[in-house]
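The values are calculated or read from the model by the stated rules, or taken from the named source; none is laboratory data. Worth saying up front: this structure is predicted, and the values here are computed from it rather than measured. Every residue, glycine among them, receives a Cβ derived from its backbone with ideal geometry; neighbour counts consider all protein chains shown. Remember, those area values only see protein heavy atoms, side chains included, never the ligands or the DNA or RNA. Shrake-Rupley method; radii C 1.70, N 1.55, O 1.52, S 1.80 Å.
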Amino acid sequence: MSMVDEPLYPIAVLIDELKNDDIQLRLSSIRKLSTIARALGEDRTRKELIPFLSENNDDDDEVLLAMAEELGVFIPYVGGVEHAHVLLPPLETLCTVEETCVRDKAVESLCRIGSQMRETDLVDWFIPLVKRLAAGEWFTARVSSCGLFHIAYPSAPEMLKTELRSIYSQLCQDDMPMVRRSAATNLGKFAATVEPDHLKTDIMSIFDDLTQDDQDSVRLLAVEGCAALGKLLEPQDCVAHILPVIVNFSQDKSWRVRYMVANQLYELCEAVGPEPTRTDLVPAYVRLLRDNEAEVRIAAAGKVTKFCRILNPELAIQHILPCVKELSSDSSQHVRSALASVIMGMAPVLGKDATIEQLLPIFLSLLKDEFPDVRLNIISKLDQVNQVIGIDLLSQSLLPAIVELAEDRHWRVRLAIIEYIPLLASQLGVGFFDDKLGALCMQWLQDKVYSIRDAAANNLKRLAEEFGPEWAMQHIIPQVLDMINNSHYLYRMTILLAISLLAPVMGSEITCSKLLPVVVTASKDRVPNIKFNVAKVLQSLIPIVDQSVAEKTIRPCLVELAEDPDVDVRYFANQALQAIDHVMMSS
């Protein structure tokens, strides 16, 4: 093939592949667009490739999505920013397709290109595109146009700005709810580019229309607009325009709108400031906490600590605490779970006295909840309360409940308690731990569920690290070693795991004198699973003990296991022997 024809080759391949019936071929050729554009050069990319893509009417959404994505980063391949406008026609077509994710990606790419275009080009090319889409016959075009106004507006001359605001206002009153939804979603972005004078007049009248829409799906998106607009307006305007809307929305007939308010309320409080929050938003929030829909109560309960932080403690105790008490015995477990996940954070806000008098009884009732998730959420945040009320009170009031949970019939609850024990131990101190929780830790090593036994072994290691080898030698090692004679092989395996985890913490001396003899004895076990686990444990002990011990005690034991009838035992014994050889050679 001659040098002249060479650039034709890639475009020919691309066009062939783009028309191929195989979707994978079409997709891969779209993904190679940048390579092909480089081969063609900027001029031919503008004159041949982009027009071809504009006319390409592929019906597969995956191909269209890939094209929308590729075109967003195509400015360097068409000759830079001065030629960026040539990329607009294919993306304009993609803005009108039926599949939402393709349209969204096309809008995203147009925004990326528009933000790099020169101001004159925006006026000549981008703004007409926005106007065409906004006047589109199909709703899909009008939906897409809403996401482009914030790029088009800043560079428009005054006359065009007025027209764009008027077009946006019409989109907010469109016959199709999908268009109004898109206008509501993008209102905050558009409002951020509009001048303050027009913000109070034009944008607020648009916003008022959306808040009174007959479709709840539009109104709930307007709730998000409340927070965005609130941040743009002066505080007094925010109180005048946004606050009444929020209060109305908190009593909306649609639970989905009330749910959105409950989710967004914290941001809305920040927008209107502390005083209106106290007078107007506290009653609205109390209504949401007592809503008849569980979903709304879940959203409101999850924000209870954040909301209390805005208020002073007196107000929180007076208005919010009574609702929290009601929620702690709510009929929906999900509401109680949402409350349990944040209620501990209220302790620092309310202070010591209120926590002891008001919150502790609620903690206790949630700790005894019949649903595991509720109990778990309380356990995992206990340290927040400890900081406020001190360990003595915490241990008197909450410890009996923790001991009860340690024997819970749901294994996940037991698991959560185990994972929490080292933290609890460090907070409670060694004396308290020995009295109340020491026996529990041993009990878990013989649990029926493997995950619990595994976690219990890890827990012993973390406790040994926390309280030191001497404490472990007194309180852990003797009990652990006694269990190696358990009649059930699975429990014996757990002890081997515990030994392998404790050995690095205990150090060489205790490992050689106390732990190693037990492992060697276990190598005579009749169960192959125990024997190959012995080989694994011995391998893990090699770096901890002296070389002489490895040679005199560990090697003979492994040599014996390497001749075992069971293939797995032989395999792991040989692996361990190789490890000893490796250590010897490297020394």
Restricted to the stretch 383-412, and to residues that are polar (S, T, N, Q) and surrounded by fewer than 18 Cβ atoms within 10 Å (Cβ to Cβ), which residue is modelled with the highest pLDDT?
396
Please state which one of 498, 456 is closer than 14 Å to residue 515 by Cβ, assigned to a helix (DSSP H, G or I) and touching a residue at least 24 places away in the same chain (Cβ under 8 Å).
498
Out of 302, 273, report the one residue that is in contact with a Pro (Cβ under 6 Å, 6 or more places away or on another chain) and more than 27 Å from residue 180 (Cβ to Cβ).
273
Considering only residues of the stretch 199-229 that are open to solvent by 40 Å² or more (accessible area, probe 1.4 Å) and among the polar types (S, T, N, Q), which is farthest from residue 185 (Cα to Cα)?
201
Going by what's in this entry, would residue 286 be described as surrounded by 21 or more Cβ atoms within 10 Å (Cβ to Cβ) and either among the aliphatic types (A, V, I, L, M) or not in a helix (DSSP H, G or I) (or both)?
no
Every pair of residues 6+ apart whose Cβ atoms lie under 8 Å, when the first sits in the stretch 527-548 and is under 16 Å from residue 581 (Cβ atoms) and buried (at least 20 other Cβ atoms within 10 Å of the Cβ) while the second is among the aromatic types (Phe, Trp, Tyr) and modelled with pLDDT of 80 or more:
535/572; 539/572
In contact with a His (Cβ under 7 Å, 6 or more places away or on another chain), among the aliphatic types (A, V, I, L, M), at pLDDT 80 or above and buried (at least 21 other Cβ atoms within 10 Å of the Cβ): does that describe residue 320?
no
So, residue 166, is that one modelled with pLDDT of 80 or more, closer than 17 Å to residue 193 by Cβ, assigned to a helix (DSSP H, G or I) and polar (S, T, N, Q) or not?
yes
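Listed here are the residues, each with its yes/no results for (1) within 19 Å of residue 202 (Cβ to Cβ); (2) open to solvent by 20 Å² or more (accessible area, probe 1.4 Å); (3) under 32 Å from the mean Cα position of the chain (by Cα).
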{"residue": "106", "(1), (2), (3)": "no, no, yes"}
{"residue": "115", "(1), (2), (3)": "no, yes, yes"}
{"residue": "124", "(1), (2), (3)": "no, yes, no"}
{"residue": "133", "(1), (2), (3)": "no, no, no"}
{"residue": "145", "(1), (2), (3)": "yes, no, yes"}
{"residue": "163", "(1), (2), (3)": "yes, yes, no"}
Kindly list the number of the only condition in (1) under 26 Å from the mean Cα position of the chain (by Cα); (2) β-branched (Val, Ile, Thr); (3) open to solvent by 20 Å² or more (accessible area, probe 1.4 Å); (4) more than 30 Å from residue 157 (Cβ to Cβ) that fails for residue 279.
(1)
Among the residues of the stretch 59-84, which ones are open to solvent by less than 40 Å² (accessible area, probe 1.4 Å), farther than 19 Å from residue 19 by Cα and not hydrophobic (A, V, I, L, M, F, W, C)?
72, 79, 80
How many residues of the stretch 87-104 are under 30 Å from the mean Cα position of the chain (by Cα) and among the β-branched types (Val, Ile, Thr)? The answer is 2
Within the stretch 511-523, considering residues that are among the β-branched types (Val, Ile, Thr) and more than 11 Å from residue 481 (Cβ to Cβ), the one most open to solvent (accessible area, probe 1.4 Å):
520
Within the stretch 565-587, track down each residue that is modelled with pLDDT of 85 or more and not in a helix (DSSP H, G or I).
565, 566
Being in a helix (DSSP H, G or I), β-branched (Val, Ile, Thr) and under 23 Å from residue 450 (Cα atoms) narrows it down to one residue among 549, 519, 559; which is it?
519
Give me the pairs, please: first residue somewhere in the stretch 326-339 and part of a loop (DSSP other than H, G, I, E, B), second residue anywhere and β-branched (Val, Ile, Thr) and open to solvent by 20 Å² or more (accessible area, probe 1.4 Å), beta-carbon distance under 9 Å, and either six or more positions apart or on two chains.
332/298
Residue ranges of helices (runs of 4 or more DSSP H) in the stretch 201-274 with at least 3 members within 19 Å of residue 302 (Cα to Cα):
216-232, 255-272
If I ask for residues that are crowded, with 20+ Cβ neighbours inside 10 Å and of a type in the set (Val, Ile, Thr), which ones from the stretch 230-271 would you list?
242, 245, 246, 257, 261
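Table: residues versus (1) modelled with pLDDT of 75 or more; (2) in a helix (DSSP H, G or I); (3) over 22 Å from residue 101 (Cα atoms).
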position	(1), (2), (3)
9	no, yes, yes
30	yes, yes, no
43	yes, yes, yes
62	yes, yes, no
65	yes, yes, no
70	yes, yes, no
Take the residues in the stretch 187-198 that are open to solvent by less than 20 Å² (accessible area, probe 1.4 Å) and part of a helix (DSSP H, G or I); name whichever of them is nearest to residue 156 (Cα to Cα).
190
State whether one or more residues within the stretch 427-448 are modelled with pLDDT of 80 or more and of a type in the set (Gly, Ala, Ser).
no
Qualifying positions in the stretch 85-96 - open to solvent by less than 30 Å² (accessible area, probe 1.4 Å) and either free of Cβ contacts under 8 Å to residues at least 24 places away in the same chain or in a loop (DSSP other than H, G, I, E, B) (or both):
91, 95
